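S.K.: Here it is: the structure, laid out below.
Derivation of every value follows stated rules applied to the coordinates shown; laboratory data play no part. All values derive from a computational prediction rather than experimental measurement. Please note: Cβ atoms are built from the backbone with ideal geometry, for glycine as well, and neighbour counts cover all protein chains shown.
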Amino acid sequence: IFFRHMIIPVKCDDGSQKWDLIELQGVLQSTDGSPLTDKQLGKLVVNGKTCTLTIGRHALEGNVVQEKGNLVILRKRKREEEPAEPQEGAEDSQACPVEYHVVGKIARRFHFKKRPELLLSS
């Protein structure tokens with residue numbers, strides 16, 4: 001079996017942002033079927049190593065996990081320029097028409113592994 005490797009250029013800007021990641025079971029959908037982009041999801045309360053996410057009449061309890069810099073947010077772009085002189089693995093690098101830029105780093109992860117509890121109102 002022959003395996004071929006591929007070099008994908010990754011650049012990291014010094015001004016990359018720190019982001020938080022919310023990890024849920026299941027799928028979130030809006031009631032009217034519209035996209036969730038730029039909509040308020042709910043209320044997140046962090047208390048030390050635990051967190052609570054309230055969405056409508058549902059509450060989720062989870063844990064806060066501090067990331068050690070292993071997770072990043074990448075933006076895919078077309079390569080603007082080719083390297084001036086060939087480097088090791090240059091044939092693979094030049095064949096790749098895209099590159100990836102690091103735009104953010106995951107600082108914390110909110111992990112919700114249980115199903116939501118229904119909040120009853122009186």
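S.K.: What residues qualify as long-range amide H neighbours of E67, i.e. H under 5 Å apart, gap of 5 or more or another chain, H built at 1.01 Å from N?
M.R.: Residues meeting the amide H criterion: R108, R109.
S.K.: Hey, with R₀ at 35 Å, roughly what FRET efficiency would N70 and Q40 work out to, going by the Cβ-Cβ distance, to 0.05?
M.R.: Values: r = 29 Å, r/R0 = 0.83.
Efficiency for this residue pair is about 0.75.
S.K.: With r defined as the distance between the Cβ atoms of L119 and V98 and R0 fixed at 35 Å, what FRET efficiency is calculated, to the nearest 0.05? The partial results should precede the final answer.
M.R.: Details: r = 46 Å, r/R0 = 1.30.
After rounding to 0.05, the efficiency reads 0.15.
S.K.: Okay, moving on. Applying the Karplus parametrisation 6.51 cos²θ - 1.76 cosθ + 1.60 with θ = phi - 60° to the phi angles of the range 109-114, what ³J(HN,Hα) value in whole Hz is obtained for each residue in order, glycine and proline being reported as x?
M.R.: Karplus-based 3J(HN,Hα) across the range 109-114 equals 10, 9, 9, 10, 10, 9 Hz.
S.K.: For C51, which sequence-distant residues (separation of 5 or more, or a different chain) have an amide H within less than 5 Å of its own amide H, given hydrogens modelled in the peptide plane?
M.R.: Long-range HN contacts for C51: G62, N63, V64.
S.K.: Enumerate the amide H contacts of R79 below 5 Å, restricted to partners 5 or more residues apart or on another chain; note that Pro and chain-start residues carry no placed amide H.
M.R.: Amide H neighbours of R79, under 5 Å, 5+ apart: V98, E99.
S.K.: Moving on to the next point. Report, ordered by chain and residue number, the lysines lying within cross-link reach of K68, taken as a straight Cα distance under 17 Å and ignoring same-chain residues fewer than 8 apart.
M.R.: K18, K49, K105
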